[in-house]
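Step one of this worksheet: look at the structure below.
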Amino acid sequence: MSNIREVSRVAGVSTATVSRALSTPDKVSEKTLKKVYDAVEKVQYRPNMMAQNFRATRAWSLMVLVPDITNRFFATVIQGIEDTAQKNGYSVLLGDTRDSEQREAEYIRRVETRQSDGIIQLRPHHKGDPKPAEHLKIVNACGCEGTPYDCVRIDNVGASRAIVDHLIDMGHRRIGVISGLADNPHSIDRLKGYHQSLAAAGIAPDSSLITHGDFTLWSGLQAAGHFTRMPARHRPTAIFSMNDDMAIGALQGLKNASLRVPDDISIAGFDDTEYARFSDPALTTIAQPGYDLGRCAADRVLRLIEGDEDATADIVLPHELILRQSTGAHRK
Ligand code: RIB
């Protein structure tokens, strides 16, 4: 049985263009129509009429649900989604859900009323979240291991291990953590990586070295206070912040307390947003392939919309440790 992807490959046009040519030929140029019809004949494609009707009623849009539009990392993911959607004839609708499951649910209802054909979620699936309904075409672009539907992600545990190992290699043994919200699956996985690194190096965990923010600059600034108020002998000599925004906020807090980075205390972030490179000092961090996470998620949801996929996908993209000036060797 041939399918729409084969038609698109043989015709040299996108699957969206093939769909349009078959459902609304008046909206497609003569030249493209000919390419599509020739390809249909060549691969003997016989579209089923139900699918055909469905195509005609398509909204040609994807709904992107972002937990915090001000976080630059998510902006990069959205660019990857937008470019892929555009190339395939889709537009993007954006919902800034402020990390609220309830706001997400409201947007999802719009998809159910066909204002959009598929959903890309950027908030990781939390343990207690309900599993999305079977008929929804939904992909998580910033997922975690164990996401019960299609997801694209990095190995958050491994990435966190990489950055904590780097701090340990620099001689640090008292390593503080600025976690994201405690129930966020990324926080949980990154904390797991932190504990694995400590255990591998024979360093006993100390819960006084862990504080929480909410992934924002302001919360990073406040979290720095948790450490700067400690007596110097208890203070960590290095801090792992679970994202760059909080690390940049914390940098400000450390400076306000007259601590020099990295001479008095090292700090590392996570994400490698543009700001990481422009902060002073520039941040050591984990690069997440934000654009590619978005591109792969969009690609995947388009395949789901086309009915081309059966099995649930768990796509893991590589991360990279980026060494800059905010981390240095532990000074006795
Ligand atoms: O939700 C905020 C954080 O989770 C981002 O900064 C990024 O690290 C994402 O994975």
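Worth a mention:
- Flag if residue 271 is open to solvent by less than 60 Å² (accessible area, probe 1.4 Å), of a type outside the set (Ser, Thr, Tyr) and either within 13 Å of the ligand (Cβ to nearest atom) or without any contact (Cβ under 8 Å) to a residue 40 or more places away in the chain (or both): yes
- When 98, 190, 174, 153 are checked against the criterion of being of a type in the set (D, E, K, R) and free of Cβ contacts under 8 Å to residues at least 60 places away in the same chain, 98 stands alone in meeting it.
- Those residues of the range 143-178 which are open to solvent by 40 Å² or more (accessible area, probe 1.4 Å) and within 30 Å of residue 63 (Cα to Cα), in sequence order: 145, 146, 148, 155
- Helices (runs of 4 or more DSSP H) (entirely within the range 229-332) containing at least 2 residues that are in the same structural domain as residue 137 (by TED's automatic domain parsing) and touching an Asp or Glu at 6+ places or on another chain (Cβ under 7 Å): 290-306
- Residues in the range 145-180 that are part of a loop (DSSP other than H, G, I, E, B) and farther than 30 Å from residue 134 by Cα: 170, 171, 172, 173, 174, 180.
- Restricted to the range 235-268, and to residues there that are crowded, with 16+ Cβ neighbours inside 10 Å and of a type in the set (Ser, Thr, Tyr), the residue that is nearest to the ligand (Cβ to nearest atom) is 241.
- Test for residue 120: is it under 23 Å from residue 214 (Cα atoms), of a type in the set (Val, Ile, Thr) and either within 15 Å of the ligand (Cβ to nearest atom) or outside the structural domain of residue 194 (by TED's automatic domain parsing) (or both): yes
- All positions within the range 188-218 that are away from the ligand (no atom under 16 Å from the Cβ), among the β-branched types (Val, Ile, Thr) and in contact with a Lys or Arg (Cβ under 9 Å, 6 or more places away or on another chain): 203
- Summed over the range 23-47, residues that are open to solvent by 30 Å² or more (accessible area, probe 1.4 Å), at negative phi and in a loop (DSSP other than H, G, I, E, B) total 4.
- The range 63-95, residues that are within 16 Å of the ligand (Cβ to nearest atom) and of a type in the set (Ser, Thr, Tyr): 70, 76
- Verdict on residue 276 being in contact with a Gly (Cβ under 7 Å, 6 or more places away or on another chain) and not charged (D, E, K, R): yes
- Residues of the range 232-250 classified as over 14 Å from residue 215 (Cα atoms) and of a type in the set (A, V, I, L, M, F, W, C), total: 3
- Exactly one residue out of 183, 189 is buried (at least 21 other Cβ atoms within 10 Å of the Cβ) and either outside the structural domain of residue 72 (by TED's automatic domain parsing) or assigned to a helix (DSSP H, G or I) (or both), and it is 189.
The values are calculated or read from the model by the stated rules, or taken from the named source; none is laboratory data. All figures in this text were calculated on a predicted structure; none of them were measured in a lab. Cβ atoms come from the backbone with ideal geometry, glycine included; neighbour counts cover every protein chain shown. Surface areas here come from the heavy atoms of the whole protein model, side chains and all, with no ligands, DNA or RNA. Shrake-Rupley method; radii C 1.70, N 1.55, O 1.52, S 1.80 Å.
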